[in-house]
Amino acid sequence: MDRTQKEETVAALHSALQDTGLVVVTQQSGMTVAEVTDLRRKMRAAGASFKVTKNRLARIALKGTQFEGLDGLFKGPTAVAYSKDPVAAAKVAADYAKGNDKFKIVGGSLGTQTLDIEGVKALASLPSLDELRGRLLGMISTPATRIAGVLQAPGGQVARVLAAYADAQNKQDEAA
């Protein structure tokens, strides 16, 4: 890489980190290109990004962002996973680390809060933003369905009472 390419890489990573809610630092020693491509595909599907970085360039890109506390985690073959959703990158990284011994989570940061490995795994166990939205929508629509059922029930009961009264009247008229 020449100097201009390095500057472009640092600028691109810095701007990506400005719009990010979560950064997970990982080590991927010995992963094949196919494995990294698979991981990137999974990250993209979850709304996250994965980038293999040079440690020195990543440290420079972190300066001036809320993730400056991650500086000490960049040792060895590292990569960063990041997402706007505070759970997406952690969830995909934790799931991938379970199935691949070459991929390890080193730590992360949720805003200015630095997380260790256990913190990232705990964050990964939380429901994603889309799952929370679905649950909230379900909670909102369920009472409305129940209210509609309750409101319809008295009308049905009144109709049954009136029908029974009409039947009783018809029987009395036939008997007379």
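The values are calculated or read from the model by the stated rules, or taken from the named source; none is laboratory data. Computed from a prediction, not measured in an experiment: that's the story for all the values here. Positions of Cβ are generated from backbone atoms using ideal geometry, with glycine treated the same way; all protein chains shown enter the neighbour counts. Areas reflect the complete protein model, heavy atoms only, side chains present, ligands, DNA and RNA absent. Shrake-Rupley method; radii C 1.70, N 1.55, O 1.52, S 1.80 Å.
Taking all protein chains together, LYS102, LYS63 sort by accessible area into LYS63, LYS102, largest first [probe 1.4 Å]. A straight Cα-to-Cα reach below 25 Å connects LYS54 with the lysines LYS6, LYS42, LYS63, LYS75, LYS84, LYS91, LYS98, LYS102, LYS104, LYS121, residues fewer than 8 places away in its own chain not being considered.
Going 7 Å from the Cα of LYS42 toward and past its Cβ, which residues in segment 90-111 have a backbone nitrogen under 13 Å from where you end up? Hits in segment 90-111 for LYS42 at 13 Å: 90-105.
Only DSSP H runs of four or more residues enter the estimate; each adds -39500 (n - 2.57), and after division by the residues of the chain the mean residue ellipticity at 222 nm equals -20000 deg cm²/dmol. Remark: the chain projects, on average over all directions, an area of 16.3 nm² (convex hull of Cα atoms). Taken along the Cα-to-beta-carbon direction at a fixed 7 Å, the label points for LEU126 and THR32 span 3.6 nm. Only protein heavy atoms count here; on that basis, with a 1.4 Å probe, SER141 has an accessible area of about 60 Å². Can you classify segment 1-62 as rounded, prolate or oblate using the Cα gyration tensor, where a ≥ b ≥ c are the square roots of its eigenvalues, rounded means a/c under 1.5, and otherwise it's prolate if a/b beats b/c and oblate if not? Note, shape of segment 1-62 comes out oblate. Seen against the Cα atoms of the chain and their longest principal axis, helix 3-18 is set at about 30 degrees.
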